[in-house]
Amino acid sequence: MKNNIKLLFLITIFFVSCNEDSFLEQVNPNAITEDTFWNTESQFNTALTTVYGALQFKNISAGGLIKEMNMSDIGGCETWNGGYTFRNLTYTDATAAVTEKWNELYVGIFRANQIIQYIQQADESNFTGNNKAQIEAQARFLRAFFYFQLAHSYGGAVIHTEVARNSEDLSKPFSTIEEVTNSIIIPDLEFAQANLPTTWEGDDIGRITWGAATSMLGKVYLYGKDFSTAASLFKQVIDSEIYSLTENIMDNFTDVNEFNSESIFEVVYSSTLNPGVNGNIIDDNPNETGAEASTMAREIGHHLEGGGYNGIMPTYYLHEMFLADEVDSTNPINNGNTHSKRLNASIAPVNYEGLYYNKTIEDMSGWAYGQSAYTKKYSNWYHLDAEDTEFRSGINFRHIRLADVYLMYAEAVIETNGDYTTAIEYIDKVRKRAGVVTLQKYMDANSGMFPQLHISQEIHGERPMVAPNSETVMTHIRRVERPLELCFEGHRWKDLVRWGIVQEVFDELRADEVWRFDHIDDLNVKKNAAIGNDGTGVAPLFIKERIRPDFVICSDVYTPNQHNYFPIPAGEVQANDQLNN
């Protein structure tokens, strides 16, 4: 797929309308025009490649997502990092990532709109079989995806469904999430679902499929709180048996086993195409050649031996919860590992196992000044000595995978009819693959009870045991399973917002943070048996020197109307007079 989808190629098509000033200008008879380009299947497929190419933009599928990840309960960073303004919710309508994401999504929408608009007039005889409908279906899925990201990042969108012919066409009012969903996202996804194949073969592997459209449609209904419809759609994907969990969870975050059995919607990157081009160079500039590489790994990676930026680091909450994810010694997926399979695939704690950027614990440094763990997921820690200084990584980004569908389905069935038994069944599929004790096994051993793993044992003592019901299992999905399984995959902030629990979570974690501030001397007591490069810090996190203040500001300033969604970029407000009304 990396060499076959040809995302490195960009076509920039300019359409010039006639006016008095240009009437006498000579026109190149060989130039590509609206009349000469939008005719053949090959031309539409070439244009479709540029829509897929928009997925590669850094704020859609790569390093720019790190800043949004810092807004939630699972990621933190230091003051020198660019994500700090997002960690503290102090970004504005002029902050670069806020404006860039808006612009990138609309580039994708513009490209999709071209195909969707012009294919309506294209001669059916110029297409083979059902290819005309399949090309339109892919474009409409991608447009729906871009609009979903807009709606749930900015609280709505300015709706454009046709190619603008003049400045007046660009000035339109802001539409709500519900308006965008009902008028664009759902119809587009339904068309995609009805016209896409279940699989692609050969060079076409990686294109949008029926499973991606159905999963995305289920997610849309889940976010819209139509839980029964969401559950039905997720179950269609599950029952299709097209997808299965990979045996090794690591296969979802490396370049080794891409487009695997778990992958439903995946964005392709390559570190070998266009060598020497910086990963930050994207294909929207006709004067530059896009890198086709992801910037994610450099933003995430360890900043000393690993050469990365430490753009996002696991919060103490996430780290401790990973440690509470008890390894099941009877599960054959485990092979002597001390930590769970998904911990070892996601984060590197101070007492990590194996190699990290080809170094042992003894050879690594940098676990100091409040850091207890670094992020592994989507970095090249597993096969490189350091991250590429040119921000080039070939690790594909997975927007939807089967484990996510399982957990969304578990949530949907609880919300539909309180069916927590079915929810536990699908939660445990994910936990079993992670190599950790399942909820059912906990209940079998504890008179029908399971532990509340999101509560810090270090701070609050023994974790409470609870009986399963719709409320306790939903809390487990929200506070344990989704953050552990899907951390650093771009879902967490939107999850917290749609559940309406941002303030609750921030307040709890701020209280934990205060406790650690107050007990810093106890946490830094020298222990001969402690695992730490200099012998300081105590279990379970081995924090050294100071407590990183991840929640001191955000818990105090968070205001739902102001922070649940990004502000409309200032430039857009200035250019679009209908946004000032």
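The values are calculated or read from the model by the stated rules, or taken from the named source; none is laboratory data. Because the structure is predicted, anything quoted here is derived from the model rather than measured. In this analysis, Cβ positions are derived from the backbone assuming ideal geometry, glycine residues included, and neighbour counts consider all displayed protein chains. Each accessible area value is taken on the protein alone, full model and side chains, heavy atoms only, with ligands, DNA and RNA left out. Shrake-Rupley method; radii C 1.70, N 1.55, O 1.52, S 1.80 Å.
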Could you please let me know if Ala348 is crowded, with 22+ Cβ neighbours inside 10 Å, touching a Lys or Arg at 6+ places or on another chain (Cβ under 9 Å) and not in a helix (DSSP H, G or I)?
yes
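Let's see how each residue does on (1) assigned to a helix (DSSP H, G or I); (2) modelled with pLDDT under 95; (3) crowded, with 21+ Cβ neighbours inside 10 Å:
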| site | (1), (2), (3) |
| --- | --- |
| Glu489 | no, no, yes |
| Asp507 | yes, no, no |
| Phe517 | yes, yes, no |
| Gly537 | no, yes, yes |
| Leu541 | no, yes, yes |
| Tyr565 | no, no, no |
So which residues in the range 97-107 are among the acidic types (Asp, Glu) and open to solvent by less than 20 Å² (accessible area, probe 1.4 Å), if there are any at all?
Glu104
Ala133 being surrounded by 19 or more Cβ atoms within 10 Å (Cβ to Cβ) and either out of contact with any helix residue (DSSP H, G or I) (no Cβ under 8 Å at 6 or more places or on another chain) or within 22 Å of Phe265 (Cβ to Cβ) (or both)
no
Hand me the list of helices (runs of 4 or more DSSP H) wholly inside the range 49-123 holding 3 or more residues that are out of contact with any Asp or Glu (no Cβ under 6 Å at 6 or more places or on another chain) and touching a residue at least 60 places away in the same chain (Cβ under 8 Å).
65-69, 96-118
Here is a check on your reading of the model: is Pro451 in contact with a strand residue (DSSP E or B) (Cβ under 6 Å, 6 or more places away or on another chain), under 26 Å from Ile543 (Cα atoms) and either of a type outside the set (A, V, I, L, M) or surrounded by 14 or more Cβ atoms within 10 Å (Cβ to Cβ) (or both)?
yes
Exactly one of Glu390, Glu353 is part of a loop (DSSP other than H, G, I, E, B), under 16 Å from Tyr309 (Cα atoms) and not basic (Lys, Arg), and that one is Glu390
When Lys235 is evaluated against the numbered criteria (1) in contact (Cβ under 8 Å) with a residue 24 or more places away in the chain; (2) on the phi > 0 side of the Ramachandran plot, which criterion, by number, is the only one it fails?
(2)
I'd like the full set of residues that are charged (D, E, K, R) and in contact with a Gly (Cβ under 9 Å, 6 or more places away or on another chain), limited to the range 160-204.
Glu178, Glu179
Filtered residues of the range 65-96 (kept if among the small types (Gly, Ala, Ser) and open to solvent by 10 Å² or more (accessible area, probe 1.4 Å))
Gly82, Ala94, Ala96
Which of the residues belonging to the range 171-202 are of a type in the set (D, E, K, R), touching a residue at least 24 places away in the same chain (Cβ under 8 Å) and open to solvent by 60 Å² or more (accessible area, probe 1.4 Å)?
Lys172, Glu178, Glu190
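Considering only the range 360-377, how many residues are surrounded by 18 or more Cβ atoms within 10 Å (Cβ to Cβ) and either of a type in the set (Asp, Glu) or within 14 Å of Gly307 (Cα to Cα) (or both)? Walk me through it before giving the result.
First, pick out the residues of the range 360-377 that are surrounded by 18 or more Cβ atoms within 10 Å (Cβ to Cβ): 361, 364, 367, 370-377.
So of that shortlist, the ones also either of a type in the set (Asp, Glu) or within 14 Å of Gly307 (Cα to Cα) (or both) come out as 364, 374-376.
Of the residues in that region, 4 qualify.
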For the range 402-455, list the helices (runs of 4 or more DSSP H) that sit wholly inside it and hold at least 1 residues that are of a type in the set (Asp, Glu) and within 24 Å of the chain's Cα centre (by Cα); which are they?
402-417, 420-434
State the number of residues belonging to the range 303-339 that are within 25 Å of Ile60 (Cβ to Cβ) and not hydroxyl-bearing (Ser, Thr, Tyr).
10
Going through the range 385-425 in order, the residues found to be among the polar types (S, T, N, Q) and open to solvent by less than 20 Å² (accessible area, probe 1.4 Å) are Ser393, Asn396
